[in-house]
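The values are calculated or read from the model by the stated rules, or taken from the named source; none is laboratory data. Quick caveat, the model's predicted, so the values are computed rather than measured. Note that we place each Cβ from the backbone using ideal geometry, even for glycine, and neighbour counts take in every protein chain shown. Quick note on the areas: whole protein, heavy atoms, side chains included, nothing else; ligands and nucleic acids left out. Shrake-Rupley method; radii C 1.70, N 1.55, O 1.52, S 1.80 Å.
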Amino acid sequence: MQTTNLAQTVRTIISQQRVTDLHTHCFAPAFGYKLSIEKTQGAGLLLWGVDELVTYHYLIAELFRVVGADQITPDQFYGLSKIEQANLIWDELFIKRTPLSEACRGVITTLTKLGLDPNTQSLDPIRQWFSEQDVDSYIDRVMSVAGVDHIVMTNEVFDAAERKLWLSDAEALKRDSRFSPVLRIDKLLNDWPSVCQDLVELEYAVSEPVTPDTLAEIRRFLNDWLDRTEAIYVATSFGPEFRFVPDGSEPTECELIIEHALMPVLAERNLAWALMIGSVRGVNPRLGDAGDMCGKADISSLTNLALRFPENKFMATLLSRESQHELCIAARKFGNLLPFGCWWFLNNPSIIEEMTRERIELLGTSFSPQHSDARILDQLVYKWDHSRQVLSKVLTEKYEDLSRAGWIVTEEHIRNDAERLLRNNFRTFVGMDESAMLRVQKTGQ
Ligand code: REL
Ligand code: ZN
């Protein structure tokens, strides 16, 4: 292929390739959603619309860079209505200043690609447009504009409101074929004493010392919830202090639960475990979700896991830029380790570009370059638009290098690579299409 055509061909193929979004915080409508700013349907877990977009916690952090405590404090901000919060952020970050940051640009891309004009002083006309949307067809529209074929949720079993939904009608939550559940178990591995209480209340016979009987009950709990949710993988986020070091010294509660409960249950079910390492929660607690920070991961703990549990599958995303090279090297040693996404503070074009280039150079196409982490449905539009631009740029450069080295790059190569990177590597790793087949056989649907 002529190099002049190459960039255009790559851009076209990448933009046409549908994505399976492997980690989001979006929910199917059965989990409840906002009908309007005043009215909520059910538990209201599915967030969408301009007020949610503009009050994304990334933008709340940016607001408090530019307003002083004499103008508004975080407590006062969180006491405002959603509309008032959105108006303030719009005024400070989009009207008084140029919305140059990635999170601000994301709002602009999203509105523009939905056919709305972001060059407005007031959000009211945009609110009006959103209030006319039917949530179900709006999901289809967002998925189509974003080029997303499937949305993987994050289902927090230790969130009381969400758990209540699962306990009352799990089948209803699983009916929407656009979404798949993921069992999120942060508290089980990060805060055993408090989870122990939760499990007792849920009628599991556990005790605070992690005894063999307690481990058996934790296995029963995990199996029950994997049956109930039919999660396609299990996920946990950890702080930078996460360690798994089976060196003969006294194991921690977390290590015991991993070794004797989580690993055997997942191996038996052939399910992957996603580790998201490096979040330092509540560095500035006054900012709520916007107050988290990042730190470096201990990658030898990951290689210890991959080595000790060859029957298990691990996905990993790490929150600090400094951890990325070592993660790629770890993945070269262990086929049961899949690096994924450019998580949270890394989800900026300059860092996505660097990470993607580094990963291709070390791993070829055997990784999953991105997930959206969308908390608000509409964000699928910008997260994927921006990531596709960077991926196209890096791939073009790599194909040019390969052509110069003497390889004839064809459209078929590019199509296959795009499909692997944006969709199939993840689906194959977690066995998504196999579990869908089993479900069809089981339910006859
Ligand atoms: O899944 C997680 O732990 C994180 O991605 C989130 O907690 C975080 O707030 C998210 O919005 C980042 O993008
Ligand atoms: Zn997330």
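Output the residue which, of all residues in the stretch 333-363 that are aliphatic (A, V, I, L, M) and more than 16 Å from ligand 1 (Cβ to nearest atom), is farthest from Thr396 (Cα to Cα).
Checking each candidate, the answer is Leu337.
Of the numbered conditions (1) closer than 28 Å to Trp384 by Cβ; (2) not small (Gly, Ala, Ser); (3) not in a helix (DSSP H, G or I), Asp70 fails exactly one; give the number of that condition.
Going through (1) closer than 28 Å to Trp384 by Cβ; (2) not small (Gly, Ala, Ser); (3) not in a helix (DSSP H, G or I) one by one, Asp70 breaks only (1).
List every residue pair whose Cβ atoms sit under 7 Å apart, with the two residues 6 or more apart in sequence or on different chains, where the first one lies in the stretch 390-401 and is closer than 16 Å to Thr4 by Cβ and the second, anywhere, is open to solvent by 50 Å² or more (accessible area, probe 1.4 Å).
From the stretch 390-401, the pairs are Ser392/Arg11; Glu400/Thr3.
Given Pro264, Pro251, Pro240, which one is more than 29 Å from Leu438 (Cα to Cα) and away from ligand 1 (no atom under 16 Å from the Cβ)?
Of the residues listed, the single one that is more than 29 Å from Leu438 (Cα to Cα) and away from ligand 1 (no atom under 16 Å from the Cβ) is Pro251.
Which members of the stretch 21-59 meet the condition of being assigned to a loop (DSSP other than H, G, I, E, B) and more than 16 Å from ligand 1 (Cβ to nearest atom)?
Matches in the stretch 21-59: Ala28, Gly32, Leu35, Ser36, Ile37, Glu38, Lys39, Gly42, Ala43, Gly44, Gly49.
Looking only at the stretch 118-135, how many residues end up being in contact with an Asp or Glu (Cβ under 9 Å, 6 or more places away or on another chain) and either among the basic types (Lys, Arg) or open to solvent by 50 Å² or more (accessible area, probe 1.4 Å) (or both)?
Total meeting the criteria: 3.
Considering each residue of the stretch 366-384, count those that are farther than 17 Å from Ile108 by Cα and within 13 Å of ligand 1 (Cβ to nearest atom), and give that number.
Result for the stretch 366-384: 3.
Among the residues that make up the stretch 354-369, is at least one of them part of a helix (DSSP H, G or I) and in contact (Cβ under 8 Å) with a residue 60 or more places away in the chain?
No, the stretch 354-369 has no match at all.
Does Ser249 fit the bill of being outside any helix (DSSP H, G or I), modelled with pLDDT under 95 and more than 29 Å from Gly44 (Cα to Cα)?
yes
Out of the residues in the stretch 286-327 that are of a type in the set (Val, Ile, Thr) and away from ligand 1 (no atom under 16 Å from the Cβ), state the one that is least open to solvent (accessible area, probe 1.4 Å).
Looking at the filtered set, the residue picked out is Ile299.
Could you go through the stretch 81-101 and let me know if any residue there is outside any helix (DSSP H, G or I), away from ligand 2 (no atom under 16 Å from the Cβ), among the aromatic types (Phe, Trp, Tyr) and surrounded by 14 or more Cβ atoms within 10 Å (Cβ to Cβ).
no
Only one of these conditions is not met by Thr154: (1) more than 16 Å from ligand 1 (Cβ to nearest atom); (2) out of contact with any helix residue (DSSP H, G or I) (no Cβ under 7 Å at 6 or more places or on another chain); (3) touching a residue at least 12 places away in the same chain (Cβ under 8 Å). Which number is it?
Among (1) more than 16 Å from ligand 1 (Cβ to nearest atom); (2) out of contact with any helix residue (DSSP H, G or I) (no Cβ under 7 Å at 6 or more places or on another chain); (3) touching a residue at least 12 places away in the same chain (Cβ under 8 Å), Thr154 violates only (1).
Just wondering, is there one or more residues in the stretch 419-428 that are aromatic (Phe, Trp, Tyr) and under 15 Å from His150 (Cα atoms)?
Yes, the stretch 419-428 contains at least one residue that is aromatic (Phe, Trp, Tyr) and under 15 Å from His150 (Cα atoms).
Being acidic (Asp, Glu) and within 16 Å of ligand 2 (Cβ to nearest atom) is the filter here; which residues of the stretch 13-46 pass it?
Correct list: Asp21 only.
Can you tell me which residues in the stretch 339-387 are open to solvent by 10 Å² or more (accessible area, probe 1.4 Å) and acidic (Asp, Glu)?
If the condition is that a residue be open to solvent by 10 Å² or more (accessible area, probe 1.4 Å) and acidic (Asp, Glu), then Glu353, Glu354, Glu358, Glu361, Asp373, Asp385 are the ones that fit.
Mind listing whichever residues of the stretch 370-385 are under 14 Å from the mean Cα position of the chain (by Cα) and not in a loop (DSSP other than H, G, I, E, B)?
Scanning the stretch 370-385 gives Ile376, Gln379, Leu380, Lys383, Trp384.
Where residues in the stretch 260-284 are of a type in the set (D, E, K, R) and touching a residue at least 24 places away in the same chain (Cβ under 8 Å), which of them is most open to solvent (accessible area, probe 1.4 Å)?
Arg281
Among the residues of the stretch 410-421, are any among the aliphatic types (A, V, I, L, M), open to solvent by 40 Å² or more (accessible area, probe 1.4 Å) and either within 18 Å of Pro369 (Cβ to Cβ) or part of a helix (DSSP H, G or I) (or both)?
no
If Pro209 passes every condition in (1) free of Cβ contacts under 8 Å to residues at least 12 places away in the same chain; (2) surrounded by 15 or more Cβ atoms within 10 Å (Cβ to Cβ) but one, which one does it miss?
Unmet for Pro209, out of (1) free of Cβ contacts under 8 Å to residues at least 12 places away in the same chain; (2) surrounded by 15 or more Cβ atoms within 10 Å (Cβ to Cβ): (2).
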